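Down below is the structure, laid out as structure tokens.
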Amino acid sequence: MLEKVKSLFGQVDMTQGRPWEKIVAFTVPMLIGNIAQQLYNTVDSIVVGKYEGDNALAAVGSAGPIFNLLLVLFVGISMGAGIMVSQYYGSRDRENLSRTIGSTMTLTAIASVVLMIVGTVAIRPALELLDTPESIIGWCTSYLLILLWGIAGLAYYNILCGILRGLGDSLSALVYLLVATAINIVLDVWFVAGLHMGVSGVALATVIAQFVSAVLCVLKLRKMTDFFDMKAQYLKPDGKNMGTVIRLGLPSGITQAIFSLAMVVVQSLTNSFGEMIIAANVIIMRVDGFAMMPNFSFGTAMTTYAGQNVGARQFDRVKQGARQGTLIAAGTSAVITGLILLFGPYLMGIFTNTRELAQLSADMMKILAVGYIAMAVTQSLSGVMRGTGDTVTPMWISLLTTVGIRVPLVYGLVYLTRTPDLPQGRYESLWISLLCAWVLGAVITGIFYKLGRWKKKAL
């Protein structure tokens, strides 16, 4: 039975068989893991909204963009380490694999300490700069400080899971992710509903859950002595190895930093509309996280599918899989969109006891509905381009739609809709601008896919 489970989450050879079947088989385990990851923030929001009220819910949401911006350093480390681990593992280079894993663990420790110190000093001024309402700024500060003081657990958990996947062990990474999610849910309810710790209890639950999972990752890695050695000598700082990790991961870190900065800028505008709109945005983004999971999972699957088939020189099969995978992704998003439209008010009601807030969130979610189908197209075709070696085109399209379209559009719409009765403009602009960015992103991605630059890159 265990072997069957391992085969389900093991490697998938996408160069043979029907493309859509291989793509779906590869996507399902990732989707399970992504959904579990999304449960972290969602459960935090549900518990806080239900037991502490809408202002506490708004506080957790307002803290999110700032915390994501602080995490870009670990995004870069994780990406760089993952590339090196997979390459050294593939070449069976035991010495360099051991050095890379050891150096990454040391680099993560250094980065955690630096971020803890810098973040602790910068949190309150950053929240004030974003015009965070006085009614929630104290909660935001305490929430972020606890997450920062426990940043090492979060960092090691995510980076070590990435190393496990690089070593081909996706099953352990998924199991530890599920363990972290379960611990987080239990502690959320206990700390907030039982011990009445409020927003601080939610942050503490997340920190403890990820520390436990990080320890499990370390214990697992220590058993994988067939592939590398985890000894003290490999934990010594290695400038060359650390430099390579940073160099390889820097592009991803910079891209994520730009995305996070754009979110922070938009969050500042969101804050100007008051607590009710902030809370509605939190609910929408939590539901959005689940609605986007299939799109991101299919995008990653398409990257692997294209990469394997380009390696096998099966270019016609790349096109065939791109077409089938995109149709399946779009169909999945269409079903999810229908469910959101049908059960919107009930779905939003999970997060709050305020009927007005639930209805407002459901109404705004209707604006975004069609955008999820557009994002299915964007993610799938971008995944194909990345898999064939054209990583630059999807990156620039993402930056263009996020920074060049969404941010100017949202501020422009808010300015144009100002009236004496609505001096701040219409809050619907927040989501209309996002929908426009998604749809334009799909159109631009489709055009570049059709132009075929990715084929030249592959050849």
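The values are calculated or read from the model by the stated rules, or taken from the named source; none is laboratory data. Remember, it's a predicted structure, so these values are computed and weren't measured experimentally. Please note: Cβ atoms are built from the backbone with ideal geometry, for glycine as well, and neighbour counts cover all protein chains shown. Remember, those area values only see protein heavy atoms, side chains included, never the ligands or the DNA or RNA. Shrake-Rupley method; radii C 1.70, N 1.55, O 1.52, S 1.80 Å.
So, with +1 on the Cβ of K and R and -1 on the Cβ of D and E, and no other charges, what is the size of the charge dipole of region 116-248 about its Cα centre, to the nearest 20 debye?
580
Can you find, among Cys436, Val410, Gly452, the residue farthest towards the positive end of the dipole of region 410-459? Put +1 on the C-beta of Lys and Arg, -1 on that of Asp and Glu.
Gly452
When only C-alpha pairs under 8 Å and at least 6 residues apart count, what is the relative contact order of the chain, in percent?
Values: 660 pairs, mean separation 100.0, N = 459.
Once normalised by length, the contact order is 22 percent.
May I ask you to rank Arg313, Arg386, Arg286 by accessible area, largest first, using a 1.4 Å probe over the protein chains only?
On the way: Arg313 145, Arg386 90, Arg286 30 Å².
Largest accessible area first, the residues go Arg313, Arg386, Arg286.
Going highest first, how would you order 400-410, 420-430 by mean Cβ packing within 10 Å?
Numbers: 400-410: 18.4, 420-430: 14.7.
Order by mean packing, descending: 400-410, 420-430.
With a ≥ b ≥ c taken as the square roots of the eigenvalues of the C-alpha gyration tensor of region 172-221, please select rounded if a/c is under 1.5 and otherwise prolate if a/b is larger than b/c or oblate if it is not? Provide the component values of the computation, followed by the final result.
On the way: a/c = 3.87, a/b = 2.51, b/c = 1.54.
Taking the square roots of the gyration eigenvalues as a ≥ b ≥ c, region 172-221 is prolate.
Can you tell me the accessible area per residue over region 263-356, all protein chains present, probe 1.4 angstrom, in square angstrom? Show your work: numbers first, answer last.
On the way: 3790 Å² over 94 residues.
It amounts to 40 Å² per residue over region 263-356.
Which value, in Å² rounded to 10, gives the accessible area of Trp139 with a 1.4 Å probe and all protein chains present?
Per-residue accessible area (Trp139): approximately 100 Å².
Kindly provide the helix-only [θ] at 222 nm of the chain, computed as the sum of -39,500 (n - 2.57) over DSSP H runs of four or more divided by all residues, to the nearest 500 deg cm²/dmol?
On the way: 17 runs with 373 residues, N = 459.
It lands at -28500 deg cm²/dmol.
Taking 25 Å as R0, compute the FRET efficiency from the Cβ-Cβ separation of Val443 and Leu342 and round it to 0.05. Please list the in-between numbers first.
Values: r = 27 Å, r/R0 = 1.10.
Step by step, r from the Cβ atoms, then E = 0.35.
Relative contact order of region 374-459, please, whole-number percent, based on alpha carbon pairs below 8 angstrom and at least 6 residues apart.
Values: 77 pairs, mean separation 39.8, N = 86.
Worked out over region 374-459, it gives 46 percent.
Computing the accessible area with a 1.4 Å probe over protein heavy atoms, can you report the carbon and sulfur percentage for the chain?
66
Would you please classify the overall shape of region 412-458 from the alpha carbon gyration tensor, given that a ≥ b ≥ c denote the square roots of the eigenvalues, rounded means a/c under 1.5, and beyond that prolate means a/b larger than b/c while oblate covers the rest?
In terms of gyration-tensor shape, prolate.
If you take every residue apart from Ala56 with its C-beta less than 12 Å away from the C-beta of Ala56, what net charge results, scoring Lys and Arg +1 and Asp and Glu -1? List each step's numbers first, then the result.
Numbers: positive: Lys50; negative: Asp44, Glu52, Asp54, Glu275.
Counting the neighbours of Ala56, the net charge comes to -3.
Going by the alpha-carbon gyration tensor, a ≥ b ≥ c the square roots of its eigenvalues, is the chain rounded (a/c under 1.5) or, if a/c is not under 1.5, prolate (a/b greater than b/c) versus oblate? Write out the running numbers ahead of the final one.
Values: a/c = 1.65, a/b = 1.20, b/c = 1.37.
Judged from the Cα gyration tensor, the chain comes out oblate (a/c at least 1.5, b/c at or above a/b).
Using the membrane-span-like helix rule (whole DSSP H runs, Cα extent along the own axis of at least 24 Å, mean Kyte-Doolittle hydropathy at least -0.5), which helices of the chain qualify? Spell out each step's value before the answer.
Values: long enough: 19-51 (47 Å, 0.50); 54-70 (25 Å, 0.96); 72-90 (27 Å, 1.29); 94-129 (49 Å, 0.90); 170-188 (27 Å, 1.86); 198-223 (39 Å, 1.48); 239-271 (44 Å, 0.78); 275-311 (52 Å, 0.66); 315-348 (46 Å, 0.72); 355-387 (45 Å, 0.63); 429-451 (33 Å, 1.73).
Flagged H segments are 19-51, 54-70, 72-90, 94-129, 170-188, 198-223, 239-271, 275-311, 315-348, 355-387, 429-451.
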